[in-house]
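Structure first, commentary second.
Readers should treat all values here as calculations from the given coordinates under stated rules, not as data from a laboratory. These figures come from a predicted structure and were not determined experimentally. Glycine also receives a Cβ, built like all others from the backbone with ideal geometry; neighbour counts cover every protein chain displayed.
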Amino acid sequence: MKKAILLALSTALTAFTFGCSNTATTPGDSATGQKEAVELTFLTWGNQAHLDLYTKLSEKFTQQNPTIKVKLESVPFPDYQQKVTVLAAGQELPDIGWVSERMVPQFMENGILEDVSDVKNDTAFKLDDFIPSTLELFRKDDKLYGLPFSTPPTVMFYNKDLFDKAGLKSPNDLAKEGKWTWEEFEKSAQAISSGTGASKIYGANFFRDWKTWIILSSYSWSNGSGPFNKEMNQFTWNDQYGVETLSMLQRMMFTDGSHPKAGEQVSFESGKIGMFFDVYSYVSKARTIKDFKWDIAPMPAGSKGSAPMLGQAGYSIFKGTKHLEETKLFLKFLASEQGVQETSTYFVPPRLSVLNSDPFLNVPGNPDPAHIKQAVIDEMPKAHLQPGHVDWQKIDTTILAGFDQLFGQTAQPADIVKLLEEKVNPIMKK
């Protein structure tokens with residue numbers, strides 16, 4: 001009996017934890033005392049670099065918890081929300097997955113997210129290390145339904161070589177002087193644009209995949225307006241700034257040719273785009289660029305200053321998992337201080353201890369740390385969380401149809417936003 005007790009104590013003392021206090025008490029013991037092997041399904045929409053990172057993290061987790069394996073699956077972001085909805089209907093949800101700000105309201109409403117509030121009881125997990133605002137998306141009725149891993153503000157990636165060639169002052173310097181405005185942005189886009197056909201250089205591109213219209217909200221936000229009200233029950237882009245937003249895009253596409261037309265596949269990596277707007281996470285792809293020098297800068301400012309969009313993604317456990325305790329263990333592993341440190345290679349960390357750390361700021365291939373501070377850290381307090389709604393997919397599809405009218409030159413900006421107000425408001429007020 002004594003030997004058995006000593007053996008059990010020895011096993012517990014040699015267990016290794018990764019950012020959480022209960023790794024050594026992995027559930028799943030069988031009647032014989034042997035731990036039963038389980039496999040968790042982890043769903044993401046990440047690119048290959050992200051998948052490679054999470055494969056390594058999952059392998060580390062399994063090394064520390066040999067009876068728990070993790071199966072990584074990926075779905076393209078445009079299809080992700082619908083895919084999860086279909087899986088929920090068929091009672092085939094994964095154990096854990098990524099969720100974005102636009103998905104959380106619907107997933108909460110549908111009751112498919114697991115309450116993980118008990119992470120606060122694990123003092124070693126240090127929930128108070130998270131920036132408080134980053135947890136708000138996942139809170140409802142004093143319960144917590146996920147943990148953030150990425151809180152990237154929109155930034156402007158720009159081709160330094162094209163700016164130098166056009167003899168332009170850098171956006172970073174202009175921002176320091178308080179002169180990096182939307183007017184200055186348009187002038188820069190015109191100055192950079194040149195050539196025709198296959199050799200055409202465009203001054204700017206707002207769209208990653210011709211569906212990311214939401215980034216254009218920054219124009220309105222920077223002027224004290226926006227496409228929706230704070231309560232997310234009214235479309236408010238049928239105002240001066242909604243019209244100005246679409247008019248700016250119309251000018252750039254069809255008057256001065258400083259922006260690609262819809263359907264043209266011209267990437268920032270090609271070297272043919274002067275300025276490109278995306279969340280900071282795009283830096284993982286930008287680091288692979290070798291043909292030209294690039295950097296990041298804050299979003300242009302309006303009458304109320306700059307107002308980037310804040311994207312947010314987190315980990316949530318899905319209701320119905322057969323391995324709840326094992327999945328919670330994996331969740332805390334991923335969202336631990338060390339886990340967030342690992343993923344900060346690609347994502348803006350939600351933990352204060354990591355946000356200002358050298359490993360986040362000085363990743364090989366990163367922009368100047370001073371510019372990361374200027375465009376990311378200093379801008380986060382000004383950011384607007386990307387809107388979410390239980391019927392976001394319908395809202396998004398409806399607004400994209402309005403942009404199709406702009407792209408096809410079948411309607412003018414003022415008429416488009418008026419029609420969108422008529423179509424979107426009934427969806428938002430359901």
For region 236-241, just list the computed ³J(HN,Hα) in residue order, Karplus coefficients 6.51, -1.76 and 1.60, θ = phi - 60°, integers in Hz, with x standing in for Gly and Pro. 10, 7, 7, 9, 3, 7
Among Thr343, Pro364, Ala286, which residue has its Cα furthest toward the positive end of the charge dipole of region 242-393, with +1 on Lys/Arg Cβ and -1 on Asp/Glu Cβ? Thr343
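Looking at the calculated P(r) for region 275-430, what percent of the C-alpha pair distances fall above 23 Å? Display every interim value, and only then the final one.
Working: 7006 of 12090 pairs.
The answer is 58 percent, as a whole percent.
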Viscosity 0.692 mPa s, temperature 37 °C: give me the Stokes-Einstein translational D for region 299-375 in µm²/s, with Rh taken as the Kirkwood radius over C-alpha pairs. 220 µm²/s
Shape box of region 28-133 [Cα atoms, principal axes, largest first, Å]: 43, 31, 31
So for region 133-174, Kirkwood radius off the Cα pairs, Stokes-Einstein at 4 °C and 1.567 mPa s: how many µm² s⁻¹? 94 µm²/s
For the chain, percent of DSSP beta bridges that are antiparallel (nearest 5) comes out at 65 percent
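Dipole of region 146-235, Cα-centred, from +1 at each Lys and Arg C-beta and -1 at each Asp and Glu C-beta, to the nearest 20 debye?
Details: 10 positive and 9 negative charges, 26 e Å.
Dipole size: approximately 120 debye.
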Based on alpha-carbon atoms only, what is the radius of gyration of region 179-268 relative to the globular estimate 2.2 N^0.38 Å? 1.17
Along the charge dipole of the chain, which of Trp98, Gln48, Leu324 sits closest to the positive end, that is, farthest toward it, with unit charges on the beta carbon of Lys, Arg, Asp and Glu (+1, +1, -1, -1)? Gln48
Could you tell me the center-to-center distance, by alpha carbons, between region 315-332 and region 216-283 in angstrom? 38 Å
Formal net charge of residues neighbouring Val390 (Cβ-Cβ distance under 14 Å; K, R +1; D, E -1): 0
If N is the residue count of region 76-141, its Cα Rg over 2.2 N^0.38 Å rounds to 1.26
Which one, Ser194, Ser217, Thr245, is farthest towards the positive end of the dipole of region 173-322 when Lys and Arg carry +1 and Asp and Glu -1 on their Cβ? Ser217
Step through the residues of region 195-203 one at a time and calculate ³J(HN,Hα) from phi using the Karplus curve (6.51 cos²θ - 1.76 cosθ + 1.60, θ = phi - 60°), rounding each to whole Hz and writing x for Gly and Pro. x, 9, x, 5, 9, 5, 10, 9, x
Sequence order, region 343-351: Karplus ³J(HN,Hα) from phi using 6.51 cos²θ - 1.76 cosθ + 1.60, θ = phi - 60°, Hz rounded, Gly and Pro as x, gives 7, 5, 4, 10, 10, 5, x, x, 8
Magnitude of the Cβ-charge dipole (Lys and Arg +1, Asp and Glu -1) of the chain about the Cα centre, nearest 20 debye, reported as 380 debye
Charged-residue dipole, Cβ positions (Lys, Arg, Asp, Glu), region 311-379 about Cα centre, Debye nearest 20: 380 debye
Would you kindly compute the Cα radius of gyration of the chain and its largest Cα-Cα separation (Dmax), both in Å? 23.5, 86
